[in-house]
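Remarks on the structure that follows.
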Amino acid sequence: MNSLLKVENLQMHYVTSKGAVRAIDDISFELMRGETIGLVGESGCGKTSLGTSILRMPTPPGRYISGKILVDGVDVIPLPEREVRRNIRWQKISMVFQGAMNCLTPVYTIGRQMMETINEHSDLPRPDAENLIKEYLGYVGLSPEIVQRYPHELSGGMKQRVVIAMALFLRPEIVILDEPTTALDVIVQAQIINLLKKLKQQFGLSFIFITHDLALEAEISDRLCVMYAGKIVEMGSNAQIYGAQGPGHPYTERLLGATPRLFKKVEQLQFIPGTPPDLIAPPKGCRFSPRCNKAFDRCFQEEPPLVEIEPGHMSACWLHQRG
Amino acid sequence: MTDTILSVENLKKYFEPHQSFTQSIARSGQKKPIKAIDGISFDIRRGEIFGLIGESGSGKTTTGKLVMKLLEPTSGQIFFNGEDVTHLSKEKLKEYRRKVQMIFQDPYASMNPRFKIKDVLEEPLIIHKVRATIEERTKMIVKALEEVKLIPPDEFMGRWPHMLSGGQRQRVATARTLILNPKMLVADEPVSMIDLSTRAEILHMMKDVQKELGLSYLYITHDLSTARYFTDRIAVMYLGRIVEIGRAEDIIDNPLHPYTQALIEAVPEPVTGKVEIIKELPIYGEIPSPANIPQGCRFHTRCPYATDACKNEPEPELTLDGEEHYHACRRAYEIQAERKRKQAG
Amino acid sequence: MKFADMQYRFSEFWSEFKKERSGLVGLAILVLSLLVVIFEPVILPWKEANSKWRNIDYWQDNSASAPPAWTNAFTKLKAPVTVRLDEGKKEEAYLDGGVQLVTYTFEYDYGADKAPLDVIFHVTGHGDIPVQVSVERPDGVMLDFAQRFEQGLAGQDIRISLDNDGREAAFSFIKNYESESALERYSGRSLRTGDILFNVAREGMAEEFEPLKGTYKLMVKAMLLDPENFSIENPYVVVTGSVSGILGTDDSKRDLFSGLVAGLKWALLIGLLTSAISVLIGVLYGIISAYFGGVVDSVMQFIYQIVNSVPVLPVLIVISAIFKPNIYMLIAVMVLFFWTGSVMTVRSMALQIKEETYIEAAKALGAKKSRIIFKHMVPILIPYSFASMALSVPSAIVYESSVSLLGLGDATIVTWGQILHDAMQGAAILKGMWWWVLPPGLLIAIMGMTFAFLGFSMDKILHPKLKTR
């Protein structure tokens, strides 16, 4: 079974007193074994919501409205919580949260917290659990004596490695990483990315890598999903989007243009004026049209569907579709 | 040089760690000082955007605070417009603050949430007792808002900070610095907490403002890529010292210090073909604590090219290479040759 | 501009507050109390209860230790309620010699089952006035009771009490129906004028009281020997019953309802003034201590710890015993100790605010310390201080009550604590005078509860959101 995860027409809304925020509005994609999919977008596009949704943990007041999340062919949305906790979460899919290093409680030792996670999600007896912890600390490049330390004694990079170890030790096949390097310095970030690449090869993992940084995405993802206002606007391989041909959607293009480059003298960094739309009442037609400099009449009237514009490369834009 | 607006000479800032009364008496338990800045010197020219690059622990933020005189230096001197401003009396300090202003990193926290935008912008005028009448003050506020392209100004004046986006708030923060007609701005990571697509907009605005008003900037950041785009010259800091200084393109295209080289290699690029490569960075381990600075060249513990000399001999000073490019590495040319060989072969 | 801002902030606060049920209850009670205080002159049955609380003359016509009037609803034998009759019919007659006879007749409907304790006649006179009082019973018997000749009056009140001054007349009346020997048999029991006057005339009336119900005509007759210069005015009659008032009376004949209503404003004053001043001091103290840090902070913390450790009540007692204070001095002393209450919380909040970037930004702009404290830090903490104020009100009220309970309070005013003190002195519980003990105690508790509700609700909403996100 090469398809590990299949999201089909997922709709997840935040139900507030002011109305339903359509954070995830009909999203579909597939994750194959051993590949890394990047979820790119700015704040508010729904990428973090998608991450927590796949883990069956939407932040309240999030609700699943329709669609499926198939893990190994089984839809996890209707499953009871107990089963998700025992069989799916952390065993099949785990997650490294945004600002994960701050998720470590300051009052308990690293070892204790790691042990707690193991106990929550499995029945491993204590000596086996301890060995597992030491083993995985080794994989992420930390000395086993770290188990006695408290979080404030570790640097940011070390804490992030601990969290990654915690996401891996029950051997999930899929790891969702939400902005895992945001708070880290650039050298530490590069080291963590290298570590992730190594672990991916060593354990045959599949990653869903969520970030707003296109440059970071290019370093680690095989394929890319660009999200805007709760929808996927472009999906394709790393080579297709970053390669010679370039992006197949104006938003991706502008995002790339806004990314500062180290080795290219950029005369004018592009920016996108305006702000993302209100997800309670999104605009008619293409959601990006109000900010798009290439929009024409049809864009404001009809929402373009996500179609294949070349093999393996999808785009939701009238410009790139004929008819 | 009358061309220089800010000059920093051999600046040091040591922090004494917190000790109890008994600890400080019992010398045995005395903790070492934290050497946040350990002797840096640089000049900022009039009308220039000068970048200070470094990771956390490099001392770049502390440098900014010293320049802003939010901290007093342990030793060394700061010159502004030729005048020694290292230690200032209260009145002189107030004058200084009109000329040198700061933009902070967090747009969400740099304004009092209970102040309306109008109050935020009026505050500098009140503090410095500028223009007594309300109409004249309002005019200045409107002008500042227009300067940063927050139009129509009336609409923004009556709002609270939480009603604005991150980018809009940074514009207000910029307007706040401009309202007193400063000569220099210190910007500490002004765009790192803003969305990518808005970053360029803010940097644009800052560049326009700079050209129009002839300001000089001290731009502090860890992001080398924006530095290339935005700055004229940069200084790379490591553990409280400057290891390389020069024009931005020169340093990025031809880095001479191993730390700069590691930094550059660590920066991700949005190009294809990188996924399969696991490039080992030319740098070991993690940054040491500023309370425990390695002897000799302070970078030697992490440097892949370090020799015994690097550890035992005194720390290298900045040496000139070419027109304006300075570096602090005794093996710079050997390393350069070695890298060229690696690339070719 | 400023007012509009306040309005906006207040409407934000109000939309949150509306959701707090306990807070609304507290608010309702507070509003009710304020209305009572405002309309006190109208509500009070005894208008000068506050200033004349310790004036015996003021209360002399009232019944002592009388339960509330409405207790009649629960007893089979109805007790007469103390009433004051002001509407008297005036008759003037002219006698020989230019003498004028003025008669005021008051009608009293008697329907109770027990005898009134007394009937008291009042009239104000100018000059030399002979006065006589008479009563016409429903059975037609006319009894002349007391006479008095007051001379040289210049607007003073003539008071004739049937119980004091009319015994002779009453006894001669009863001798018509009871033999000497019967009276002697019952001489041990003290027969009051009321027991005779309102009794059905018959043999055996001394032994058992049977109410003669009906309308009684109570008359005051005055002779004006010199109508030109002498006059009388303001006649009224008080029939003293054995139940009185909305909340009864104490053993000094004081109407407790009046006392309690009069005490309400003192409770509010003590509570609000003490808490407002002490919290303001405490908040400023906390902010300054936090902001300056270092030596200043250490010294201020030291002072705080000392003041905080002093037990307030003993100090209050000692000071009250030595100085015989008035209420404002009590408030001052309480403020002297109460300010410590909010210091610690405010100091921790201020310490957090101090680290915020916008404070650093203000410093970078050149703001002085005083500006940062008063323009940045205080406005964030003021709303929290309102909540803190509400929560310290109950303590202030209880402390004053305690001091008064021990008899050391301000003797010029009436407070609930003092009423309780008198109840204790008068062995109220022993005597079963529940109406003397329960209402003041309950009111103190309710007032405390009101402010606690208000305070907790306000605290929930106004606790400053110190994280700027």
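Since every read-out is calculated from the coordinates, none of them should be taken as a lab result. Everything numeric in this text was worked out from a predicted model, so none of it was measured. Note that we place each Cβ from the backbone using ideal geometry, even for glycine, and neighbour counts take in every protein chain shown.
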In order through segment C:275-282: 3J(HN,Hα) via Karplus (6.51 cos²θ - 1.76 cosθ + 1.60), integer Hz, x for Gly, Pro: 5, 4, 5, 5, 5, 4, 4, x
Cα-based shape type of segment B:203-317, given that a ≥ b ≥ c are square roots of the gyration tensor eigenvalues and the cut on a/c is 1.5: oblate
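Calculate the mean, over all residues of peptide A:211-218, of how many other protein chain Cβ atoms lie within 10 angstrom of the residue's Cβ. Walk me through the numbers on the way to the answer.
Details: counts 0, 3, 3, 4, 8, 4, 3, 8.
Mean partner-chain Cβ count within 10 Å for A:211-218: 4.
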Folded to 0 to 90 degrees: helix B:117-127 orientation relative to chain B principal axis, Cα: 80 degrees
Qualifying chymotrypsin sites (Phe, Trp or Tyr not before Pro) for segment A:269-310 [loop in DSSP, other Cβ within 10 Å: at most 16]: A:F296
Loop trypsin sites (Lys or Arg not before Pro), segment B:50-159 (other Cβ atoms within 10 Å of the site Cβ: 11 or fewer; DSSP): B:K129
Prolate/oblate/rounded call for segment C:136-268, Cα gyration tensor, a/c under 1.5 rounded: oblate
Efficiency of FRET from Cβ geometry, C:S348 and B:F15, R₀ 22 Å, rounded to 0.05: 0.35
Dipole of the protein assembly as shown, positive direction: furthest Cα of C:F149, C:I461, C:S278, with charges on the beta-carbon: C:I461
For segment A:106-171: Kirkwood Rh in Å [reciprocal of mean 1/r, alpha carbons]: 11.7 Å
Using alpha-carbon coordinates, inclination of helix B:134-147 to the longest axis of chain B, degrees: 40 degrees
Packing rank of B:288-297, B:43-52, where each peptide gets the mean count of other beta carbons within 10 Å, highest leading: B:43-52, B:288-297
From phi via Karplus (6.51, -1.76, 1.60), per-residue ³J(HN,Hα) for segment B:284-300 in Hz, x at Gly/Pro: 9, x, 10, 5, x, 6, x, 8, 9, 6, x, 6, x, 6, 5, 8, 5
Folded to 0 to 90 degrees: helix B:332-344 orientation relative to chain B principal axis, Cα: 80 degrees
Whole-angstrom gap from segment C:54-127 to segment B:37-66, using each part's C-alpha centre: 96 Å
